[in-house]
Amino acid sequence: MNHVDVDVAVIGAGQAGLSGAYFLRRAGMRPDEDFVVLDHSPGPGGAWQYRWPTLTYGRAHGVHSLPGMELEGADPDRPSAEVVAEYFDRYERTFDLRVHRPVDVSTVREGPEGRLLVESDAGTWAARTLINATGTWDRPFVPRYPGQEAFRGRQLHTAGYRGREEFAGKHVIVVGGGTSAVQLLMELHEPGGAAATTWVTRRPPVYHSGPFGEEQGRAAVALVEERVKRGLPPQSVVSVTGLPMTEAMQRARERGILERLPMFDLITEDGVSWADGRHVTADVILWATGFRAALDHLAPLHLRGSGGGIRLEGLTRVAADPRIHLIGYGPSASTIGANRAGRSAVREIRAHLRGRDGTREPEAVAAAG
């Protein structure tokens, strides 16, 4: 099989992938010679480019600057998808990261001479190490409930949401306790939106007010990190941190928009029902139930353990295979965490390339070290 040899393959060019590529570049590695960045999206912006148009930059939660170049002066009233896409595009050009797109990576498997074969619709790369930064956007999660197929209304995941106008005059059930669920509930109640909403969550939402500082952040990351060190699938961020109580959310609570019901037991033709006999009639079920890590292409490497997750050592290194680093998985799933993880992963990759695998580090990297 024809392939191109590289020292590092980076899969994904969202916040996590660009962070890794930046630190590779900073270490003196050359794009398309020492490392390659592959991204399946049509343009820059990572998952942000797919967010609904009415999610403006001022409303967006979790946008953070990439390492080496601040995101400054953005219009808070512009769609976050546009702001972040333009910023990522400028970032890629500034640091000459040469992202290949659109490239769909289908499989990563063992290759010759201890390399990893990264197979895609645009060719095959044989890499000595791998930074996987594929995120979660491609794997929206919708739980299964009895009667789901019988519902005659519309069901969609938040990944398919494009604006409140398409739900004008309808009763929408929003399922999920995360930040996106709250944002959508508030937006659906704006002029031109839904006639009514019902909010359903598995657990009562936990709110936190005041600043979410460095100490709280470290504690939240530590809880997630403990799970992945045990080989368990990472939890959602909100399950660890709770929901930040903003002024807009406080106003929504006062208006009754954020009154929550426990999870229903049955989906019917015209709505949802609970075991106690309660029933809510609805036109739409909007599943704000999060995402799962998009890691199917790594399946041939058998990295998952008996706990269902991929066990990590340190911040990013896969315990079962030190050639592979996951950025944007587990403790590095936040935008701030992805920047820190990019630096950490490249530091360990450089050590690996310097000779821990019995070979020599590339000349450019050794000189930069």
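Throughout, read-outs are computed from the coordinates displayed, never taken from laboratory work. Remember, it's a predicted structure, so these values are computed and weren't measured experimentally. With ideal geometry, Cβ positions are generated from the backbone for all residues, glycine too; neighbour counts draw on all protein chains shown.
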Exercise. Rounded to the nearest 0.05, what FRET efficiency is calculated for Met263 and Val63 with R0 set to 30 Å and r the Cβ-Cβ distance?
Worked result: 0.50
Exercise. Rg to Rh for the stretch 28-73: what is it, with Cα atoms only and Rh by Kirkwood?
Worked result: 1.06
For this session: Determine, from the Cβ-Cβ distance of His302 and Glu149 and an R0 of 45 Å, the FRET efficiency 1/(1 + (r/R0)^6), rounded to the nearest 0.05.
Result: 0.85
For this session: Just add up the charged neighbours of Asp89: K/R +1, D/E -1, any other residue whose Cβ is under 14 Å from the Cβ of Asp89.
Result: -1
Exercise. If you count, for each residue, the other Cβ atoms within 10 Å and average over each peptide, how do 261-268, 15-22 line up from highest to lowest?
Worked result: 15-22, 261-268
Problem set entry | Under 11 Å from the Arg292 label point (7 Å along Cα→beta-carbon), backbone N, the stretch 111-149 | 139-144
For this session: State the volume of the convex hull built on the alpha-carbon positions of the stretch 1-143, expressed per residue in Å³ and rounded to an integer.
Result: 117
Seminar exercise, completed: Between the alpha carbon centres of the stretch 107-166 and the stretch 241-266 the gap in Å comes to 29
Seminar exercise, completed: Here the percent of antiparallel bridges among DSSP beta bridges lying wholly in the chain, to the nearest 5, is 40
For this session: Rank by packing, highest mean first: peptides 97-109, 145-157, with packing defined as the count of other Cβ atoms within 10 Å averaged across residues.
Result: 97-109, 145-157
Problem set entry | All Cα pairs of the stretch 278-336, percent lying beyond 14 Å | 65
Exercise. So, with +1 on the Cβ of K and R and -1 on the Cβ of D and E, and no other charges, what is the size of the charge dipole of the stretch 118-182 about its Cα centre, to the nearest 20 debye?
Worked result: 260
Exercise. So how far apart, in nm, are the two label points at Val4 and Arg347 if each is 7 Å from Cα heading toward Cβ?
Worked result: 3.0
Problem set entry | Relative compactness, the stretch 73-156, computed as alpha-carbon Rg over 2.2 N^0.38 Å | 1.66
For this session: Go ahead and estimate [θ] at 222 nm for the chain from helices alone: -39,500 (n - 2.57) per DSSP H run with n ≥ 4, summed, over the residue count, rounded to 500.
Result: -7500 deg cm²/dmol
For this session: Would you mind getting me the FRET efficiency between Glu165 and Thr246? Use the beta-carbon distance for r and R0 = 30 Å, nearest 0.05.
Result: 0.80
For this session: Starting from the Cα of Asp270, step 7 Å toward the Cβ, then list every residue of the stretch 156-186 with an amide N under 17 Å from that point.
Result: 170-173
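Which order do the peptides 243-255, 306-318 take when ranked by the mean count of other beta-carbon atoms within 10 Å per residue, highest first?
Order by mean packing, descending: 306-318, 243-255.
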